[in-house]
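Colleague: Handing you this structure, nothing more for now.
The values are calculated or read from the model by the stated rules, or taken from the named source; none is laboratory data. What you are looking at is a predicted structure, and each value in this text was computed from that prediction instead of being measured. With ideal geometry, Cβ positions are generated from the backbone for all residues, glycine too; neighbour counts draw on all protein chains shown.
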């Protein structure tokens, strides 16, 4: 019974009507309390995305009539980062690409992972936070934060500064006021139902780093908080030029000889959005798309806590809506549904209908509430993409796909990616549907140079 109801519940809680009511409730409560429009920002010194955010938040703040509060965190749950080492290695590469996109500073070399430097720099951020709470100006606070982050990421005289503070007896990370504030900030992050750094919190909703600032910009613009004569959205460069890098006349007689290899999971909502976009992209540029199935993280024994799952659900909804992709009427395909999807993979591929089949499946479980664990649901998925249901049904108990899927997981991990959607083009590897714009630029550059 619950399985039948869940798609309708997901459609309800992800609806624009419910979102509008939540925002209206927040705004009424804010006005009654006489509070300012406040954005809380959670930063971590060794998070590359926090460093990028620190560089743009000053000019972002200057554009809007908002109050900003900074909160330093350090200790994040390992269950939220199942492959923490791979995450960090990829994050610094990805942050470098983002820095290039937005013309921000980012070091060519990764800082040494020195626990004493991390702790000392964190204590510096917390000291600045304490000083700001004693009525120091917000501008001065941001300048201090920027200086500390710059010193850490560019390794500027940190050892000398740390040594000097030890000699003068300044408070360390274990000193009561510093430790208490750090603990308070980390508890506040969890109480507000998030688990990561480089996060902005406004009116009950979370926005991750530079990549989600465009959603916050649109929200603040809608509230009339933009100080500019013509309100704009500045942080949308990952999306703004999708399918627009080269005119049709240039593409008529050219294409890239390379292949886009896409690691895809039947359960991942971001994989669904990425699939829709990558199909459009590769069709436009007439480039080959190879899709490789990956077992969902939960089915690989990795934890996806409820807090993380709910953030991904709501984030996918707003990303999908921005991109014109339907999402929210979700029939979670965990378990049997995923296995049945993969069992028909080779059959669909042999018929030359793999992409159509995967699109049909992904839309069914993510936007149409279709239960793929039932024959009725799979019959609908299969037939509308042009496959024969009678033949397909005979493959549903097939287990031969498991070995290939495991090989795909191993291959993906070797590339430095722990989850989906991940994709490779030449020697470049990306994670996340919001990096497809970077992929497109690479493809367009190859075509022009070829």
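Colleague: Check 362, 372 and return the single one that is in the same structural domain as residue 336 (by TED's automatic domain parsing), buried (at least 20 other Cβ atoms within 10 Å of the Cβ) and more than 22 Å from residue 261 (Cα to Cα).
Modeller: Result: 372 is the single residue among 362, 372 that is in the same structural domain as residue 336 (by TED's automatic domain parsing), buried (at least 20 other Cβ atoms within 10 Å of the Cβ) and more than 22 Å from residue 261 (Cα to Cα).
Colleague: What do you reckon, is residue 360 under 22 Å from residue 294 (Cβ atoms) and under 23 Å from the mean Cα position of the chain (by Cα)?
Modeller: Taking the combined requirement at face value, the residue does not satisfy it.
Colleague: Kindly provide the set of residues from the stretch 64-81 that are farther than 14 Å from residue 202 by Cα and outside any loop (DSSP other than H, G, I, E, B), ordered by number.
Modeller: Scanning the stretch 64-81 gives 72, 78, 79, 80.
Results for (1) within 27 Å of residue 59 (Cα to Cα); (2) out of contact with any strand residue (DSSP E or B) (no Cβ under 6 Å at 6 or more places or on another chain); (3) without any contact (Cβ under 8 Å) to a residue 24 or more places away in the chain, shown as yes or no for each residue.
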{"residue": "239", "(1), (2), (3)": "yes, yes, no"}
{"residue": "246", "(1), (2), (3)": "no, yes, no"}
{"residue": "250", "(1), (2), (3)": "no, yes, no"}
{"residue": "253", "(1), (2), (3)": "no, yes, yes"}
{"residue": "260", "(1), (2), (3)": "no, no, no"}
{"residue": "285", "(1), (2), (3)": "no, yes, no"}
{"residue": "290", "(1), (2), (3)": "no, no, no"}
{"residue": "302", "(1), (2), (3)": "no, yes, no"}
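Colleague: Let me ask something else about it. Please determine, by comparing only the residues of the stretch 286-303 that are surrounded by fewer than 17 Cβ atoms within 10 Å (Cβ to Cβ) and at pLDDT below 95, which one is nearest to residue 262 (Cα to Cα).
Modeller: 286
Colleague: Here is a follow-up. If residue 445 satisfies every condition in (1) under 28 Å from residue 343 (Cβ atoms); (2) surrounded by fewer than 15 Cβ atoms within 10 Å (Cβ to Cβ) but one, which is the exception?
Modeller: (1)
Colleague: Quick check: is even one residue across the stretch 333-356 at pLDDT below 95 and buried (at least 21 other Cβ atoms within 10 Å of the Cβ)?
Modeller: Looking for residues that are at pLDDT below 95 and buried (at least 21 other Cβ atoms within 10 Å of the Cβ), one finds at least one in the stretch 333-356, hence yes.
Colleague: Just checking: which of the helices (runs of 4 or more DSSP H) contained wholly in the stretch 345-421 hold 1 or more residues that are in contact (Cβ under 8 Å) with a residue 24 or more places away in the chain and over 28 Å from residue 82 (Cα atoms)?
Modeller: Correct list: 345-350, 354-367, 375-383, 389-393.
Colleague: Another question, if that's okay. Consider residue 45 carefully, then state whether it is touching a strand residue (DSSP E or B) at 6+ places or on another chain (Cβ under 9 Å) and in a loop (DSSP other than H, G, I, E, B).
Modeller: yes
Colleague: Please work out which residue is farthest from residue 383 (Cα to Cα), limiting yourself to the stretch 323-344 and to residues that are touching a residue at least 24 places away in the same chain (Cβ under 8 Å) and assigned to a helix (DSSP H, G or I).
Modeller: Restricting to residues being touching a residue at least 24 places away in the same chain (Cβ under 8 Å) and assigned to a helix (DSSP H, G or I), the top hit is 336.
Colleague: Continuing with this model, one more query. When the residues of the stretch 50-107 are narrowed to those that are free of Cβ contacts under 8 Å to residues at least 12 places away in the same chain and exposed (fewer than 15 other Cβ atoms within 10 Å of the Cβ), which ends up nearest to the chain's Cα centre (by Cα)?
Modeller: The extreme case among them is 84.
Colleague: Return only the number of the condition from (1) under 28 Å from residue 301 (Cα atoms); (2) touching a helix residue (DSSP H, G or I) at 6+ places or on another chain (Cβ under 6 Å) that residue 89 does not satisfy.
Modeller: Exception for residue 89: condition (2).
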